[in-house]
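Q: Take this structure first; my questions come after.
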Amino acid sequence: PPLSWPTPPDGTKSLILLAEDPEGSPTGSLAHWVVLNVPPTVPGLDEGIPPEEMYVIEDMMGRDVTFYQGVNDFERVGYRGPDVAVGAGEHVYRFHLYAVDGTIEYRGEPLTARDVERMLERNVPRVLGYGQIAATYVRYG
């Protein structure tokens, strides 16, 4: 889905976006999207970003900038939309946006949501701001 956000806090070096379905599996949350190192000059992401590890986007100053997509819990790079069975009821999808004071080094292997969550728990990089949006999805027959 298309997403937009306000200007991040001063000192922000990059943004991290994690999208999840907290009730997605019997064992807990399912990560649907992992996005790393979005420059703070990018005011949002368009719908339909291709599933590429490295992606170039134009920022609000007209410059080409790069961010990375990690591996979701479906073992694919990029966004995986809702896939709820008919009659399964409502599912709430949460998009978590972190403004951080650094970047996450890309080492040629895409990171998972769990990798990123562990880094954030250790405060590396340090979180300067946080926002969340939730959307509800239900599939009718």
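The values are calculated or read from the model by the stated rules, or taken from the named source; none is laboratory data. Everything quoted here is computed from the prediction, not taken from an experiment. Quick reminder, even Gly has a Cβ in these numbers, built from the backbone with ideal geometry, and neighbours come from all protein chains shown. Quick note on the areas: whole protein, heavy atoms, side chains included, nothing else; ligands and nucleic acids left out. Shrake-Rupley method; radii C 1.70, N 1.55, O 1.52, S 1.80 Å.
Q: Once phi is turned into ³J(HN,Hα) by the Karplus curve 6.51 cos²θ - 1.76 cosθ + 1.60 with θ = phi - 60°, what whole-Hz value does each residue of the stretch 135-140 show in order, with x for glycine and proline?
A: Going residue by residue, I get 10, 9, 10, 9, 10, 9 Hz, with x marking Gly and Pro.
Q: Run through the stretch 1-98 and list the trypsin sites (Lys or Arg not before Pro) located in a DSSP loop whose Cβ has at most 14 other Cβ atoms within 10 Å.
A: Counting only loop positions with at most 14 other Cβ atoms within 10 Å, the trypsin sites (Lys or Arg not before Pro) in the stretch 1-98 are Arg63, Arg76.
Q: Here's something else I'd like to know. Rounded, prolate or oblate: which fits the stretch 21-79 when a ≥ b ≥ c are the square roots of the eigenvalues of the alpha-carbon gyration tensor, with rounded for a/c under 1.5 and prolate only if a/b beats b/c?
A: prolate
Q: From the phi angles alone, apply the Karplus equation (6.51, -1.76, 1.60; θ = phi - 60°) to the stretch 118-125 and give each ³J(HN,Hα) in whole Hz, x where the residue is Gly or Pro.
A: 5, 4, 5, 4, 7, 6, 10, x
Q: Place a +1 charge on the Cβ of each Lys and Arg in the stretch 39-83 and a -1 charge on the Cβ of each Asp and Glu, then give the dipole magnitude about the Cα centre in debye, rounded to the nearest 20.
A: 80 debye
Q: Can I ask one more? Show the residues, 5+ positions off or on another chain, whose built amide H is closer than 5 Å to the amide H of Ser14.
A: Val100, Gly102
Q: Among the chymotrypsin sites (Phe, Trp or Tyr not before Pro) within the stretch 1-96, which fall in a DSSP loop and have no more than 14 other Cβ atoms within 10 Å of their own Cβ?
A: Answer by residue number: Phe74.
Q: Would you work out the charge dipole size for the chain about its Cα centre, treating the Cβ of every Lys and Arg as +1 and the Cβ of every Asp and Glu as -1, and quote it to the nearest 20 debye?
A: 240 debye
Q: May I ask for the distance between the Cα centers of the stretch 68-141 and the stretch 5-61, given as a whole number of Å?
A: For the stretch 68-141 versus the stretch 5-61, the Cα centre distance is 8 Å.
Q: Further question: Using the Cα centre of the stretch 64-141 as origin and beta-carbon charges of +1 (Lys, Arg) and -1 (Asp, Glu), tell me which of Val84, Gly70, Val124 is placed farthest towards the positive end of the dipole.
A: Val84
Q: Mind checking the per residue accessible area of the chain for me, 1.4 Å probe, whole number of Å²?
A: Dividing the accessible area of the chain by its residue count gives 57 Å².
Q: How many Å³ per residue does the convex hull of the Cα positions in the stretch 69-122 occupy?
A: Spread over its residues, the Cα hull of the stretch 69-122 gives 103 Å³ apiece.
Q: Using θ = phi - 60° and the Karplus relation 6.51 cos²θ - 1.76 cosθ + 1.60, list the HN-Hα couplings for the stretch 13-22 in order, rounded to whole Hz, with x at every Gly or Pro.
A: With coefficients 6.51, -1.76 and 1.60, one gets 9, 7, 10, 10, 10, 10, 10, 9, 10, x Hz.
Q: Please list the non-local residues whose amide H lies under 5 Å from the amide H of Tyr130, H modeled 1.01 Å from N, same-chain partners needing a gap of 5 or more.
A: Ala99
Q: Using only DSSP helix segments of four residues or longer, with each worth -39500 (n - 2.57), what per-residue ellipticity at 222 nm results for the chain after dividing by its residue count and rounding to 500?
A: It lands at -2000 deg cm²/dmol.
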